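Peer 1: Quick one: this structure, given as structure tokens, is what I'll be asking you about.
The values are calculated or read from the model by the stated rules, or taken from the named source; none is laboratory data. Here the structure is a predicted model, which means the values were calculated and not measured. Heads up, the Cβs are rebuilt from the backbone with ideal geometry, glycines too, and the neighbour counts pull from every protein chain shown.
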Amino acid sequence: MDKVFHIDPSAEIPIYQQLVDSITLAIKKGVLQPEQKLPTVQEVSQRLKIARGTIKRVYDELEHKGLVEKTQGRGTFVRYQPGDSASRKERAMAAIDEMFQKMEEIGLTATEINIFLNLKLRQREEAEAMVKVALVECNPEALSQMAEQVHQLKQIELYSFLFDEVQKYPYKLEEDFDLVITTASHAPYLEQRLANPKKLARVALRLSPECLMELIRLRPTQKVGILSYSQRFEKLQREACRVYAEDVTVEQGMLFGTPEETHAYLQGLDCVLLPVGWEKYCAPETVQVVEGFPGQHILCSYRMDEGSLLYLETKIKNIQDKK
């Protein structure tokens, strides 16, 4: 129970929202079972040392969402469970009757209602065939490169997120997306926070063959620098040089800065490593400085391997078939 009723006072997410998300996830994953009694408002308040009004607001929100039920004199109980076919049919028929009544009130005939319903159904079928995909990676350079590949897959709506953003509010992925794509290093964290771990797809990133060959060809006498937008990408390139460019002197990398800072950094270098699409990360004046660098430019790109792409295509096709 302590894992469910847990808060992080240092997080930017309000305590109220943290509890709502944590309890919701526990209910949907089956950690909290139907008919299970939740601790009282006073018990949670004392355990977490937060106001009773905050806990009451959490329970009220969960009740509004249909996840719990408060019974006078007995307490608060989990009520979430998949609805049976009979109750779903009754609710569906009532909703249809209400819709027909509203359409008749605006003067539509039975023929017109039938035409508009068919039109709307076709529109919804086309929209629902699209798979909403979230792409998560820790540095913007690799995230952009992954997105370029994933965009080539058919019938998807793609949204990109930095891992730091997702850590602040991971439950958003569960609510809004059909598929969450990430690398192996971030998969364990996300898997623990998705009510349905099957939504998660792990992919493998590799240096592009072109970049790999350029690194291998570097000579031990060359002095190499790294320009990047994020320190995480700079560390990736430094590690790549350690593995594939043995004995090459690699200077401490620099984040894209002013033209003057960039010019000073490039002095004395024989080669500079840059992320593919680096121009979008810096000012036009800095672009001119980098383009004017007389030494070798190596564009660093990370690509998903063929196995990962085939895996994603299969996952997306399965989701579309279920829709």
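Peer 1: Where the second residue is surrounded by 14 or more Cβ atoms within 10 Å (Cβ to Cβ) and the first is free of Cβ contacts under 8 Å to residues at least 24 places away in the same chain and lies in region 240-255, which pairs have Cβ atoms under 8 Å and are six or more apart or on separate chains?
Peer 2: 242/250
Peer 1: Could you list all residues from region 157-201 that are in a strand (DSSP E or B) and touching a residue at least 60 places away in the same chain (Cβ under 8 Å)?
Peer 2: 179, 181, 201
Peer 1: Of 246, 191, 234, which residue is within 32 Å of the chain's Cα centre (by Cα) and modelled with pLDDT under 90?
Peer 2: 191
Peer 1: Sort through 190, 218 and tell me the only one that's farther than 18 Å from residue 296 by Cβ and surrounded by 13 or more Cβ atoms within 10 Å (Cβ to Cβ).
Peer 2: From the options 190, 218, the qualifying one is 190.
Peer 1: For region 202-229, enumerate the residues that are in contact with a Cys (Cβ under 9 Å, 6 or more places away or on another chain) and either in a strand (DSSP E or B) or of a type in the set (D, E, K, R) (or both).
Peer 2: 207, 214, 223, 224, 225, 226, 227, 228
Peer 1: Another question, then. What residue, of 234, 313, is acidic (Asp, Glu) and not assigned by TED's automatic domain parsing to the domain that holds residue 183?
Peer 2: Going through 234, 313 in turn, the sole match is 234.
Peer 1: Let me ask you something else. Before we move on, is residue 58 touching a residue at least 40 places away in the same chain (Cβ under 8 Å) and not in a loop (DSSP other than H, G, I, E, B)?
Peer 2: Answer is yes for this residue.
Peer 1: Might you check whether a residue that is farther than 18 Å from residue 141 by Cβ and surrounded by 13 or more Cβ atoms within 10 Å (Cβ to Cβ) occurs anywhere in region 222-237?
Peer 2: yes
Peer 1: Consider residue 52 against the criteria (1) over 22 Å from residue 169 (Cα atoms); (2) touching a residue at least 40 places away in the same chain (Cβ under 8 Å); (3) touching a Ser or Thr at 6+ places or on another chain (Cβ under 7 Å): it satisfies all of them except one. Which criterion is unmet?
Peer 2: That leaves (2) as the condition not met.
Peer 1: Give me the residue from region 104-148 that is in a helix (DSSP H, G or I) and in contact with a helix residue (DSSP H, G or I) (Cβ under 7 Å, 6 or more places away or on another chain) and, out of that set, nearest to residue 230 (Cα to Cα).
Peer 2: Ranking the qualifying residues of region 104-148, first place goes to 141.
Peer 1: Given the criterion in contact with a helix residue (DSSP H, G or I) (Cβ under 8 Å, 6 or more places away or on another chain) and among the polar types (S, T, N, Q), identify the matching residue among 286, 249.
Peer 2: It is 286.
Each row is one residue, and each column tells you yes or no for (1) touching a Phe, Trp or Tyr at 6+ places or on another chain (Cβ under 9 Å); (2) more than 19 Å from residue 80 (Cα to Cα); (3) of a type in the set (D, E, K, R).
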site: 23; (1), (2), (3): yes, no, no
site: 29; (1), (2), (3): no, no, yes
site: 39; (1), (2), (3): yes, no, no
site: 46; (1), (2), (3): no, yes, no
